[in-house]
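The structure appears right after this line, and notes come after that.
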Amino acid sequence: MARLLFGGTAADVAEDVSGARVPGATGTVWDGSSDGAAQVTDLTDLAGAPLTQLVADEDGMIPGFFGPEGTERLWLDFGGPRVALVANDVGERLSAHVGADDPHGSRSAVMAELDALRGSANGLATLDPTGKVPTTQIPVLTPPDLLDWLNVQSPRYGAKGDGVTDDTTAIQAAINAAGIGGLVYFPKGVYRTSAPLDLPRGVTLMGSHSNLMIGPGMLDEDFPCYIQALPSFTTGAMIQIIGDNDGTHPAINGEQRIFNLMLDGSKVTTGNLDGIYSKGNVQNVVMRDVCIRKMPNNGIITGSNAGNEWPYSWRLHSVMVDNCHANGIVFERQTDLSMIDVQVIGCWAAGIKLINAANTILDGCRAEWCGGYGFHITGAWGNWPGSGSMTMTGCSTDRNGWDGVRVDATGNGPFLINALNTRRDGRNGGPGGGGYAGLALLNRAPVVVTGLGCYVGTDDGGTANTSPQYGVRVANARDVNVIGAYLHGLTAGVFQEGTNERVRFTAITTVAGNNYAEDRVIS
C-alpha cells in the first residue's frame, strides 16, 4: 500500500494545553491505528527525507509529511492534548478517482457529442476560411424569439413578405404578442394586408428600410421593403391607433413607435383608405423615418372619440407623405405637436393641414406639388388656459396649386413664422392667377413673420405659367407683422384687400413680374 500524506496547511493547528497556538512547537507522532501508543519513527518529509518529529511553523500549522505503510490514522503530541491526524490517500484512491468516468458520461462520449455539434446548424459555430461564421450555422430563433424583438417572419407568426400572401393575421399576432416595450420587426419584403393593423399601447413597429419617394430610374416595385394594402382593402386605415373605451381599446392609449417603415396604397384604386388613422385619447406617438405613399385618401389623419377627446403630443421626425389622393397630413386639436423634417409631396388636396393644434412646432418641414394649399393653418385655436398657437421655423413650399402657406386661423395666441421660403406656388392647375400667393394671411389671430422669401417660377418642365400671382396676400386680417422679407409675385409682391387691421410690413423688398424681373422696390 502506498505511503499516506498527513498534515499540510489545512491540517489541525498545534495547540498548547491552554488551547493557544504554539508557533515553532515540536511534536511527537504516535500510532493511532490501534489502542497502542507506540511512537512512530517511520516518517519522511514531502521530499522523502527521514524525520521523527514535527515542528509547527510560525502560524502554528503542521507541515505535511508521509506516514508509514498501511497506517491511516496518527496522533501528534505537543505535551498537551493530542491532535488527531487523518490521511490523504494519494495512491490508489487518487488513481481510482482519475480513472473514473465523468458523471455526465465518458470523456470519449462527451468529445464525440461535441464533435457532432461543430459546424452544424444550431450547434457550435466554426469559422469559414474567411474568418466568418457560415449562415448555415447561425442559430434559428424559436419562440419566444429574441427577448422582446419579434420577427414577423418567425415560425411563431409566419408572415411571408412575398408580395402575394395576405400577412394581416400574422402581423397582428406579432403585434398582440409584443406587449408594452415590445418591438415588431419587418425584414426586407412586401407584406400585403387586407384590414387595419391595430396598434396597442407601447408597441414599436420597425422595418428594414423606408423609401422617401420614387426617384429617377426607380419604380414602385423597387426597394421591396414595405407594407402594402391589397386591392380589396378600400376602407379604414392601414394602421389605426384608438384611444376609446369601446370594449376593444383602452380609454387612454399611446406611446406607440413607428420606425423605418413604409406604407404603400398603390394597388388600391377605389375607396377611401388612409395610411394612419388615430382617434381619441392617444398620447406620445413617435414616428421616425416613415413613408406613406399613394393612399386613396389621407396619409395621416386624426379625429375625436365620442367623448370629444383627441390625440395629442405626437412627434414626427423625417416623415414623408407621397402622392396621396386627399390630404397629406391632417391634425386637429393635436396639442403639443412636433414635426421635424416632415415632407409632403404630390398630394391631391392640402399638404399639411393643422386645425387648432395648440403649441405646435414645425421645424424644417416642406410641402410641394400638392393640389391645394401647401400648409393650411386654420380653425379656432382655443383661448382656454394653457392654449396657444404655433411656431413655424425653416419651412418651405414649392409648386403647390393654391397658396404655399395659408393662415386663416382665429384665436389670441400669436403665430410665429421664421425663415419661411415659398416659391412657384399658386399654379392653379397650370395657368396661375386665381389670387394665390406664396403666403396668404386671412387671419384674425396675431401673426408675426420674421425673414420671409416668396419667389415666382414655373414647373420644372416650364410648361405652366409663372406663379404665384402675389408674394404675400393679406385679406381681412388683423395683427400682422412682417419683418424682413423679399416678396416676388407675378402681379405684385404684396397685395392687400378687404378690411385689414394693424398690418405692418417692415424692411421688405417687393418685385413684380416673372422670375427674371429686375424691377425691385424697397419699402
FRET E, pair D220, S304, Förster distance 25 Å, beta-carbon r, rounded to 0.05: 0.15
If the viscosity is 1.306 mPa s and the temperature 10 °C, what translational diffusion coefficient in µm²/s does Stokes-Einstein give for the range 215-287 when Rh comes from Kirkwood over Cα pairs? 113 µm²/s
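Send over a whole-number figure in Å² for the accessible area per residue of the range 246-307, probe 1.4 Å.
About 33 Å² of surface per residue is accessible.
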With unit charges on the beta carbon (Lys/Arg positive, Asp/Glu negative), name the residue among G123, N305, I355 whose Cα is farthest towards the positive pole of the charge dipole of the chain. I355
Summing +1 for each Lys or Arg and -1 for each Asp or Glu, what net charge is found among the other residues whose Cβ lies under 14 Å from the Cβ of I180? 0
If I model a spin label as a point 7 Å beyond the Cα along the Cα-Cβ vector, how far apart are those points for T410 and D363 in nm? 3.3 nm
By the mean-Cβ-within-10 Å protection proxy, highest first, 41-49, 277-285 rank as 277-285, 41-49
Quantify, in whole percent, the carbon and sulfur part of the accessible surface of the chain (1.4 Å probe; protein heavy atoms only). 53 percent
So who's got an amide H within less than 5 Å of the one on A485, skipping anything under 5 residues away but keeping other chains? H placed 1.01 Å off N, in plane. L452, I508, T509
A 26 angstrom limit on the alpha carbon distance is what I want to check against. Which of K160/K279; K188/K294; K132/K160 exceed it? K160/K279; K132/K160
Could you give the semi-axes, largest first, of the ellipsoid that matches the chain, computed as the square roots of 5 times the alpha carbon gyration tensor eigenvalues and rounded to whole Å? 85, 30, 22
Could you pull out every residue, at least 5 positions away or on a different chain, whose amide H is within less than 5 Å of the one on W369? Hs are placed 1.01 Å off N in the peptide plane, and Pro or chain starts have none. G346, D398, R399, N400
Would you mind computing, in nm to one decimal, how far apart the modelled labels at S387 and S194 are, each placed 7 Å from Cα along Cα→Cβ? 4.5 nm
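If I take every Cα pair under 8 Å that is 6 or more residues apart in the chain, average their sequence separation and divide by the length, what percent do I get for the relative contact order?
Relative contact order for the chain comes out at 6 percent.
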Report the antiparallel proportion of the DSSP beta bridges in the chain as a percent, rounded to a multiple of 5. 15 percent
What whole number of Å gives the distance from the Cα centroid of the range 213-265 to the Cα centroid of the range 461-523? 40 Å
Which residue, chosen from G451, V152, Q172, occupies the Cα position most advanced towards the positive end of the dipole of the chain, where the dipole is computed from +1 (Lys, Arg) and -1 (Asp, Glu) charges on Cβ about the Cα centre? G451
Label-point separation in nm, L212 to N515, each point 7 Å along Cα→Cβ: 2.0 nm
Hey, if you put +1 on the Cβ of every Lys and Arg and -1 on every Asp and Glu Cβ in the chain, which of V29, Y191, G484 ends up farthest toward the positive end of that dipole? G484
Using a 10 Å cut-off on Cβ atoms, rank the peptides 478-486, 415-423, 248-256 from the highest mean neighbour count down. 415-423, 478-486, 248-256
By the mean-Cβ-within-10 Å protection proxy, highest first, 436-443, 51-58 rank as 436-443, 51-58
Charge tally for neighbours of W369 with beta carbon under 15 Å away, counting Lys, Arg as +1 and Asp, Glu as -1, is 0
How much length, in nm to one decimal, is gained on full extension between T235 and D460, taken as 0.36 nm per residue of separation minus their Cα-Cα distance? 77.5 nm
For the range 371-513, what mean projected area does the convex hull of the alpha carbons give, in nm²? 7.8 nm²
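The values are calculated or read from the model by the stated rules, or taken from the named source; none is laboratory data. Remember, predicted model here, so these are calculated numbers, not experimental data. Cβ coordinates were reconstructed from backbone atoms using ideal geometry, including for glycine residues, and neighbour counts include every protein chain displayed. Remember, those area values only see protein heavy atoms, side chains included, never the ligands or the DNA or RNA. Shrake-Rupley method; radii C 1.70, N 1.55, O 1.52, S 1.80 Å.
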